[in-house]
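Visitor: Before I ask anything, here is the structure I am working with.
The values are calculated or read from the model by the stated rules, or taken from the named source; none is laboratory data. Keep in mind the model is a prediction, meaning the values are calculated, not measured. No Cβ is skipped: glycine too gets one built from the backbone with ideal geometry, and neighbour counts run over all protein chains shown.
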């Protein structure tokens with residue numbers, strides 16, 4: 001019946017000619033991939049060996065006779081995967097069509113909402129097991145921003161007009177994610193930086209109770225880390241001005257858990273001293289007007305890229321069980337619990353993600369400084 005599948009063709013005049021045809025139809029359930037949106041998956045029987053492609057997310061599932069299971073990440077290389085190579089996304093691709101973007105080193109699939117990147121492993125650079133530079137599963141991510149063009153501005157809800165941001169050819173040296181980066185300048189005598197905001201409701205999502213975030217950061221040689229340092233990206237539920245600039249949280253008005261940085265040793269040369277990452281947390285049990293700054297158990301050296309993973313989960317209203325965690329290059333460096341909301345304030349959730357680089361507190365940048373970022377992902381699911 002076909003050269004590649006053992007389908008049976010009934011002989012002319014065969015009495016039970018329908019038997020091989022029925023067997024053929026049965027085999028089609030596993031030979032032919034089902035393609036539909038992810039929310040329709042349970043409408044199909046997960047026959048043993050059946051395959052399902054979610055055309056709106058790019059996720060692949062395999063049936064075992066009882067249920068659909070997410071297919072594991074598959075290694076790929078040009079000698080193993082033969083799909084069309086494109087330098088741009090096809091203008092009129094059919095839903096389910098797959099291609100390889102050579103300029104982005106990305107495998108993409110056309111979904112009902114447009115092109116989406118498929119997550120596949122690298123045969124040349126497998127993950128070493130610690131989570132650093134591992135390709136995350138972003139099939140259900142709220143957003144992924146590679147910072148490879150000025151289109152990154154379209155991904156944020158609010159853009160500031162503070163410092164200077166630009167896409168540059170500062171690539172992540174030594175990484176299999178060899179990309180351009182977003183350079184953020186901190187001018188001498190100024191606080192900013194940048195504060196870009198992703199608002200979940202404005203971007204079409206319900207405000208989540210839990211968020212996973214990943215980005216990569218690089219402080220170049222000579223970055224001057226003086227005084228009280230500054231701010232880095234992180235999630236928040238400010239609902240106005242709470243959780244920033246001395247507007248204390250009290251369990252009824254909002255919260256924040258941005259990242260922060262400062263010199264690891266204030267008595268050392270600020271241009272060479274290691275940089276200590278921290279959280280900057282406004283929470284219901286804070287003791288003053290400004291947020292607490294618990295340090296992470298790690299230090300950043302200059303001229304080196306770091307993968308930062310964050311996890312924040314809202315507390316049970318009234319209880320101190322809200323989760324705040326951080327990992328650097330796959331190693332956990334922070335784990336603490338907080339009370340962000342009181343009883344009766346279930347509607348306080350994760351409102352925004354602030355993509356921030358600033359100097360201060362009270363001190364401005366003592367010289368012209370810059371830092372670099374790449375590959376921001378916000379997801380409801382773990383990325384490690």
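Visitor: Please go through region 340-359 and pick out each residue that is within 22 Å of residue 250 (Cβ to Cβ) and not in a loop (DSSP other than H, G, I, E, B).
Guide: 352, 354
Visitor: Is at least one residue of region 144-154 under 21 Å from residue 352 (Cβ atoms), buried (at least 18 other Cβ atoms within 10 Å of the Cβ) and at pLDDT below 80?
Guide: no
Visitor: Can you find even one residue in region 212-222 that is under 20 Å from residue 245 (Cα atoms) and either at pLDDT below 95 or more than 15 Å from the chain's Cα centre (by Cα) (or both)?
Guide: No, region 212-222 contains no residue that is under 20 Å from residue 245 (Cα atoms) and either at pLDDT below 95 or more than 15 Å from the chain's Cα centre (by Cα) (or both).
Visitor: Output the number of residues of region 119-132 satisfying the condition of being part of a loop (DSSP other than H, G, I, E, B) and either modelled with pLDDT of 75 or more or under 25 Å from residue 88 (Cα atoms) (or both).
Guide: Number of matching residues: 5.
Visitor: In region 360-384, how many are within 20 Å of residue 303 (Cβ to Cβ) and not in a loop (DSSP other than H, G, I, E, B)?
Guide: Qualifying residue count for the region: 7.
Visitor: Which condition number in (1) modelled with pLDDT under 65; (2) surrounded by 14 or more Cβ atoms within 10 Å (Cβ to Cβ) is the one that residue 108 fails?
Guide: All conditions are met except number (1).
Visitor: Which is modelled with pLDDT under 95 and surrounded by 21 or more Cβ atoms within 10 Å (Cβ to Cβ), of 305, 261, 327?
Guide: 305
Visitor: For residue 298, indicate whether it is in contact with a strand residue (DSSP E or B) (Cβ under 6 Å, 6 or more places away or on another chain), in contact (Cβ under 8 Å) with a residue 12 or more places away in the chain, farther than 18 Å from residue 193 by Cβ and assigned to a loop (DSSP other than H, G, I, E, B).
Guide: Spelling it out, residue 298 is indeed in contact with a strand residue (DSSP E or B) (Cβ under 6 Å, 6 or more places away or on another chain), in contact (Cβ under 8 Å) with a residue 12 or more places away in the chain, farther than 18 Å from residue 193 by Cβ and assigned to a loop (DSSP other than H, G, I, E, B).
Visitor: Find the strands (runs of 3 or more DSSP E) located wholly in region 180-283 whose residues include 1 or more that are assigned by TED's automatic domain parsing to the domain that holds residue 164, in contact with a helix residue (DSSP H, G or I) (Cβ under 8 Å, 6 or more places away or on another chain) and in contact (Cβ under 8 Å) with a residue 40 or more places away in the chain, and list them.
Guide: 181-186, 192-199
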